[in-house]
Structures are given as structure tokens and as C-alpha cells.
Amino acid sequence: MSENLVIVGGGQAAVQVVHSVRQHGFDGNITLVGEEPHPPYQRPPLSKKYLAGELPRERLFLRPESFYESRGVELLLGTKVEELELGPRRVRLNDGRALSWDRLALATGSRARRTGLPGDDLKGVHYVRTIGDIDAVADRFQPDAKVVIVGAGYIGLETAAVAIGCGLDVTVLEAFDRVLGRVVCEEVAGFFHSVHTQAGVRIVCGAQVSAFIGADRVEAVETAAGERFPCDLVMVGIGVLPNVELARSAGLECDNGIRVDSYGRTGEPGVVAAGDCTNHPHPFVGRSVRLESVNNAIEQAKAAASSLAGTARPFEDIPWFWSDQYDIKLQIAGLALDYNEVAIRGDIGERRFAAYYLRDGRPIAIDAVNSPQDFMNGKKLLASRTKLSADEIADSAVDLSSRIGAP
């Protein structure tokens with residue numbers, strides 16, 4: 001009798017599980033259940049080219065319909081899994097149906113963190129997470145409109161870059177004392193602050209938003225200091241939360257994500273998880289982490305699919321990310337956690353440099369700005385755990401590629 005694989009989720013990790021599990025020879029039935037009415041699509045372009053109107057919707061989709069048809073996948077879109085039952089191995093859907101499974105992949109992703117502030121539900125207050133979120137902004141995303149962006153993380157700054165390029169009046173409010181304050185060093189934060197202000201973006205740091213003001217539609221954003229910023233629309237980018245409710249209610253271990261091992265396996269036989277929704281041990285970082293990136297979703301899904309197919313292989317890739325703002329390509333490798341030294345290589349003024357984060361004389365992360373060579377060298381230095389001094393890294397005369405793997 002043919003086995004049933006149910007995949008819960010409709011993002012990058014879900015599609016990769018489909019592709020990889022078939023590659024590994026799984027010939028059973030596959031059903032993919034996604035809450036959104038769209039087939040799985042890319043999220044990174046939402047705050048970039050899709051928001052700017054430069055990318056048609058169909059180019060967001062990760063795979064054409066023929067991909068799912070050729071692999072015998074049943075797509076249940078616009079459908080929510082209401083309950084996961086581990087004992088009888090069933091998932092109950094919001095349309096009343098129940099699906100039996102022999103193997104299960106949870107790729108439930110994450111959702112936008114909401115402010116929970118007064119006025120959060122006013123018309124004109126938008127979040128940046130789904131196609132629907134961006135489509136809802138379109139009629140107000142017009143030249144000379146005043147937009148207030150809450151949050152100066154990657155999503156907030158990417159949105160600001162697109163908005164200023166489209167001719168909007170842009171103000172960014174950030175509660176922290178600098179942009180990208182939780183993810184980059186002061187030098188990189190200062191660089192991006194300068195890039196945005198030179199482009200015409202008004203950035204206000206240390207601004208704790210307290211309310212959205214308006215009768216029916218938002219008219220202003222108020223801070224805890226009592227300052228008001230008039231606006232026609234608000235876009236909020238203050239992070240995401242992992243979608244773990246289904247897993248937790250079923251009894252799977254969750255802690256800032258669904259707990260999985262290096263092979264994508266949960267504590268329940270036959271059940272794996274991958275992507276933004278997971279928390280997993282990472283040998284390079286030396287702790288359990290939850291990562292939000294395309295690369296993590298793809299590679300972890302490959303490991304999870306291998307586990308489902310009985311050919312388990314661990315997921316141990318060095319984390320990497322990217323961000324596009326104006327003509328700036330920021331490429332990041334590693335995680336800048338617990339570093340005690342930063343070395344700048346290149347010239348910040350020329351918009352081509354890299355910040356290397358060191359812990360006890362070894363690079364643990366890199367932010368490469370318009371410097372793909374530094375990004376490639378940096379990934380190799382991190383992987384080989386090469387020991388280098390900050391002075392060596394900062395010296396452009398030193399060929400870092402020749403030092404890869406040096407003790």
C-alpha cells in the first residue's frame with residue numbers, strides 16, 4: 001500500500017521537501033497544504049522589486065504548476081490545518097476534511113510580529129509578509145504620499161529604499177539607538193544610516209511607537225515621547241514569529257520554533273520540520289538557533305527530506321543571508337553573536353568594504369557590502385575556522401584567500 005506524505009506549509013521549505021524527497025526515491029502520495037491561495041512563492045522580492053512594481057506576480061512563484069503535476073503532488077491551497085493528531089496520524093482541515101499521513105513535514109514558516117498598539121487595526125496600517133500584504137498597499141504607494149515605516153531592520157530599510165525610489169515621503173522610526181542595531185556592528189549600521197539619509201529618508205532612532213492615530217484610517221504615528229508623525233500609510237517591519245501552534249498543541253517540543261535535530265527530525269518518528277519555524281542545533285554557531293533565510297529553508301528541507309526517505313544526512317551549512325538596498329548588495333555569512341572585535345576591510349566611503357566579526361582571534365561572521373570576493377573568502381575562512389588578527393584582515397595587502405585553513 002502506498003504511503004502518504006503530508007506537507008503542511010506553502011513556502012520555500014515545503015517546495016524543497018517535495019523536490020528532494022522525490023529525488024531520494026519516495027514514490028508515495030504527496031499532499032501539500034498551504035493557507036494562502038497562491039502556490040508557494042518567494043518572499044524576499046516582496047519588500048523589493050514586487051513592492052516597486054518591477055516584478056510581475058507570476059515571477060514570484062517558486063515552481064510552475066507542471067512541477068507539482070509531474071511529481072504527483074496534490075496542492076490544497078487556501079486551506080488551513082486546524083489540528084495535528086500524532087496518535088492516529090491525521091491532520092484535520094478547516095473545511096472539515098481529515099488527511100491520514102504516514103510521514104509528515106511541517107514547513108509552517110513564520111508570520112509578521114504585530115505591534116499590539118492602539119490603532120494597529122486602522123486602515124492604512126500594513127505589514128510586510130505576504131503577497132496580500134503588498135497588494136493591499138498598492139493604491140496608497142504613490143509619489144508624494146507620506147509613509148511612516150516602523151522598524152529599521154532589513155525589511156524596514158528595504159521598504160524605505162523602494163519607497164523613496166518611488167517618490168514617497170519616507171520616515172523610519174526605530175526603537176533601538178541605531179538602524180540594524182540587533183544584527184550589525186556600529187560601523188555597518190552607520191553606513192546604512194548615511195546611505196538612507198543621503199537618499200532622502202528621515203530616520204529617527206530611539207523612537208518608541210506608542211499608537212497609530214486616526215478615526216477610520218491612519219493619519220499619524222505617535223511615539224512615547226509624544227511626538228506625532230503625519231502619514232498617509234504605515235508599513236510595519238518589526239520581525240516575525242515562528243508558526244508553532246499546530247506542533248505545540250500536538251505535543252511536539254517547541255522553544256522559539258519547533259525543536260528538531262541536525263537531520264530535521266522532531267521527537268516524533270516520521271515527523272520532520274524545516275525552515276523559519278524550526279529551532280535546531282548548529283555546530284558552527286555552537287548553540288541552537290532559529291534562522292530566517294532562504295538558504296536555511298532550502299538546506300534544512302533537504303536534510304528533512306533525506307530523513308523522510310531513510311537516507312539521513314545532517315544540515316550543517318554556515319548561515320548566510322543577503323539584503324538589497326538601492327545599489328547596495330549586503331551579503332552576510334555566519335552569525336555576529338558574542339564577538340569581541342570587528343575588523344573593517346576596504347573603504348566605507350567608497351561603498352565597497354567588509355566587516356569581519358572576530359571572537360578570540362577567529363572570524364565568526366562577515367558583512368560584505370558590494371564586495372562579493374570578501375563574502376566568498378569570508379565563508380571559507382569561517383568554515384575552516386582560520387585564526388586571523390584584526391590587523392591582518394584590515395590590511396588590504398594581505399591576501400586573505402591564501403590564509404584560508406591556516407592554523
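Is it true that residue 22 is in a loop (DSSP other than H, G, I, E, B) and at pLDDT 95 or above? When the stated conditions are applied, residue 22 does not pass them. Out of 217, 290, 265, one residue alone is under 29 Å from residue 162 (Cβ atoms), more than 19 Å from the chain's Cα centre (by Cα) and charged (D, E, K, R). It is 217. If you go through the stretch 315-332 and keep only what is modelled with pLDDT under 95 and either polar (S, T, N, Q) or touching a Phe, Trp or Tyr at 6+ places or on another chain (Cβ under 6 Å) (or both), you end up with just 318. Scanning the stretch 176-217 for residues that are among the small types (Gly, Ala, Ser), in contact (Cβ under 8 Å) with a residue 12 or more places away in the chain and assigned to a helix (DSSP H, G or I) gives 190, 199. Checking each residue in the stretch 78-127 for being aromatic (Phe, Trp, Tyr) and in a strand (DSSP E or B) picks out only 127.
Could you check, for the stretch 38-60, whether at least one of its residues is in contact with an Asp or Glu (Cβ under 8 Å, 6 or more places away or on another chain) and over 30 Å from residue 143 (Cα atoms)? Yes, the conditions are met somewhere in the stretch 38-60. The requirement of being modelled with pLDDT of 95 or more and either under 16 Å from the mean Cα position of the chain (by Cα) or not acidic (Asp, Glu) (or both) is satisfied by residue 246. So which of 148, 162 is at pLDDT 95 or above, outside any helix (DSSP H, G or I) and closer than 25 Å to residue 198 by Cα? Residue meeting the stated conditions: 148.
Checking each residue in the stretch 218-234 for being surrounded by fewer than 17 Cβ atoms within 10 Å (Cβ to Cβ) and either in a strand (DSSP E or B) or aliphatic (A, V, I, L, M) (or both) picks out 224, 225, 228, 230. Within the stretch 27-36, identify whether any single residue is free of Cβ contacts under 8 Å to residues at least 60 places away in the same chain, over 30 Å from residue 142 (Cβ atoms) and surrounded by fewer than 18 Cβ atoms within 10 Å (Cβ to Cβ), and answer yes or no. Yes, because at least one residue in the stretch 27-36 is free of Cβ contacts under 8 Å to residues at least 60 places away in the same chain, over 30 Å from residue 142 (Cβ atoms) and surrounded by fewer than 18 Cβ atoms within 10 Å (Cβ to Cβ). Answer with yes or no whether residue 57 is among the basic types (Lys, Arg), farther than 22 Å from residue 235 by Cβ and surrounded by fewer than 18 Cβ atoms within 10 Å (Cβ to Cβ). Judged against the criteria, residue 57 is not a match. Using the structure shown, decide if residue 152 is out of contact with any His (no Cβ under 9 Å at 6 or more places or on another chain) and aliphatic (A, V, I, L, M). So residue 152 does not fit the description; no.
Restricting to the stretch 330-376, what's the tally of residues that are of a type in the set (D, E, K, R) and in a loop (DSSP other than H, G, I, E, B)? Residues flagged as of a type in the set (D, E, K, R) and in a loop (DSSP other than H, G, I, E, B) within the stretch 330-376 amount to 3. Residue 315 fulfils the conditions (1) assigned to a loop (DSSP other than H, G, I, E, B); (2) closer than 26 Å to residue 160 by Cα except for a single criterion, (2). Taking the criterion of being part of a helix (DSSP H, G or I) and crowded, with 16+ Cβ neighbours inside 10 Å, the residues of the stretch 377-391 that qualify are 377, 378, 379, 380, 381, 382, 383, 390. The single residue among 63, 129 that is over 14 Å from residue 33 (Cα atoms), basic (Lys, Arg) and modelled with pLDDT of 95 or more turns out to be 63.
The values are calculated or read from the model by the stated rules, or taken from the named source; none is laboratory data. Remember, predicted model here, so these are calculated numbers, not experimental data. Don't worry about glycine lacking a Cβ; one is built from the backbone with ideal geometry, like all the others, and counts go over all protein chains shown.
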